[in-house]
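Here's the structure we're looking at; comments come further down.
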Amino acid sequence: MAVLALAQSTDISGERIRAHVKFLASDLLEGRGVGARGGDLATEYIAAQFALVGAKPAGDAGTFFQNLTLVGVNPQATSTLKAGSTSFRWLDDFVGVTYQQKTDAAFDGDAVFVGHGIVAPEYQWDDYAGVDVKGKVVVLFTNEPPSNDPKFFTGRALTYYGRWTYKYEEAARHGAVAAIIIHTTPTASYGWEVVRSSWGREDQQVKLAPGAQQLALAAWVTKDAGEKLAASLGHSVDELLKMADTRGFRAMPMPMRIAGQAPAKVREIRTRNVVAKIEGSDSHLREEAVIFSAHWDHLGIGDPVKGDAIYNGAADNATGCAMIMEIARAWAGLPEKPRRSAIFLAVTAEEAGLRGSEYYGQHPVVAAGKTAAAINLDMFMPFGRARDVNVTGAERTTLYPVVEEAARRFGLTITPDPRPEAGVYYRSDHFSFARVGIPSFSIDQGIDLLGKPPGTGMKLFTEFQEQHYHQPSDEYHEDWDFTGMEHYARFAMLIGVNTANLTKMPTWRAGDEFLPARQASGVK
């Protein structure tokens, strides 16, 4: 079957991937905003493509759509933030959103610097030790204490403790009324423009349970604005970060109150995942499945940059959607289907914090315990073929030998995450599936480009990150090279087929890398 699948996967076409990307990233779709016309057009298109290849609808009431409702909270330009006598400017100095899902959230509280805001008993680390922050404003850094020791915050690789999502969750658990992250490019792994474009717009949130306590403001401030906060403690931002990185750090009350207003437009958002299924050939194992996932959403229409207000999201993530549509077409064409079924899942609201994949994890078409793997495809660059591949998270599962075999067949060298400190494992949809126990990973393209001088791939990737990521300039161009995406789609399909034919269900090799996320989500 693997040989058959390898032959069939050669039918995967980069030019068909190109056609899908060109449409999904067109201005007609207006940046594929969640709860917007462009997002609805995108999901209709993806569902139609699944139907055309013969995949069956696996959503609600016999449709291709799994419907969910989010709360849209759109921060307003009249938002204010004041520390002592210093006022900060919206977008230029700070951005943020209320998590209270109110139109008129406000706060005024004593400030406390809590380092990285981490409580990690397994590493004997507690930034909240000895301090009561209930009703107060916490100031902190994203990321975590640096380490080369795999037994201490897993060394260079970022754990969930370093993610901004965790910072706000932990602050709320401790009763803070607001949490302010001081941005630096090294600790965030991206520049202020990414923060500004992502946080200066509507945030899609899961509806709060009655009586739930949440932050009046989850905010970021620039490093320059952070210097004014740090000065109240007689230090610079760099000095505070060094202190936060040091074992034995203790939270420091700041001699100031921080107050703010977080007005917002609040609306109910009806959105949807697109779910298709191709049944397996085994009468028993067809009740189990392999998932191929990609997120269809991007940032919609936002603040103009150089006169362009449409955030097309061509690389991020029209590419992944195009690849799973092409894999579905090839899978449907297999003369003998793999033993397990295949689920093709295009999820919503990834940019808002993996909301669509989180919803699927809690409302799966095939139970988590019967899902052999979730293979995620997110953001591929049009740089052509490469000699290497990164499989973020596969090494944590018993699927790794299957991945290694597929890599050998396709002449790909599996390389470690080139930026483990960026925490990519926690930033894409496979993490939502991991949280409910599904062996999950993302396939990420390599940077050792065929026919190009050494270092070219990293240079091009860095240029994209700095100039185009989450910007209107992430647009489709006719000169894009899709041969690399074609190759990786074939690679992904072979992994999926071989996994679908395994006799034994895959499992996790390690047990607690994402335990904080499980605790935060209530998953045991």
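Before moving on, here are some points about what is shown:
- Qualifying aspartates and glutamates (Cα of each under 13 Å from Cα of K134; at least 8 residues distant if same chain): D108, D110, E170
- Rg and Dmax of the stretch 238-371, based on Cα coordinates, read 22.4, 71 Å.
- Projected over all directions and averaged, the alpha-carbon convex hull of the stretch 73-215 occupies 9.3 nm².
- Set of lysines near K459 by C-alpha distance (under 24 Å), chain-local residues within fewer than 8 positions excluded: K306
- Long-range Cα-Cα pairs in the chain (distance over 37 Å), rounded percent: 28
- Computed over the stretch 363-477, the P(r) tail beyond 19 angstrom holds 52 percent of alpha carbon pairs.
- Here is the tail figure for the stretch 327-380: Cα pairs spaced more than 13 Å apart come to 68 percent of all pairs.
- Most tightly packed first, judged by the mean number of other beta-carbon atoms within 10 Å of their residues, the peptides 370-383, 318-331 read 318-331, 370-383.
- Calculated accessible area for the stretch 138-273 comes out at 42 Å² per residue, all protein chains present (probe 1.4 Å; ligands, DNA, RNA ignored).
- The three principal axes of the Cα atoms in the stretch 317-424 give end-to-end lengths of 39, 36, 29 Å, sorted in falling order.
- Whole-percent carbon and sulfur share, accessible surface of the stretch 7-166, 1.4 Å: 51
- Probe 1.4 Å, accessible area per residue of the stretch 293-376, Å²: 25
- The relative contact order of the stretch 1-118 comes to 9 percent, based on Cα pairs under 8 Å that sit 6 or more residues apart.
- Within the chain, percent of DSSP bridges classed antiparallel, to nearest 5: 60
- Signed unit charges on C-beta, dipole axis of the stretch 16-159, positive-most listed residue S85, P57, N67: P57
- About its Cα centre, the dipole of the chain is roughly 1000 debye, where the only charges are +1 on Lys and Arg Cβ and -1 on Asp and Glu Cβ.
- At q = 0.16 Å⁻¹, base-10 log of I(q)/I(0) for the stretch 422-485 (Debye sum, equal scatterers on each alpha carbon): -0.76
- Kirkwood hydrodynamic radius over Cα pairs of the stretch 260-303, then Stokes diffusion coefficient at 20 °C and 1.002 mPa s, in µm²/s: 139
- Value of D in µm² per second that Stokes-Einstein yields for the stretch 194-294, Kirkwood Rh from Cα pairs, at 25 °C (0.890 mPa s): 126
- Within the stretch 29-163, DSSP assigns beta bridges of which about 55% are antiparallel (rounded to the nearest 5).
The values are calculated or read from the model by the stated rules, or taken from the named source; none is laboratory data. Here the structure is a predicted model, which is why all the values come from computation and not from measurement. Neighbour counts are summed over all protein chains in view; Cβ atoms, including those assigned to glycine, are modelled from backbone coordinates with ideal geometry. With ligands, DNA and RNA removed, areas are computed over all heavy atoms of the protein, side chains included. Shrake-Rupley method; radii C 1.70, N 1.55, O 1.52, S 1.80 Å.
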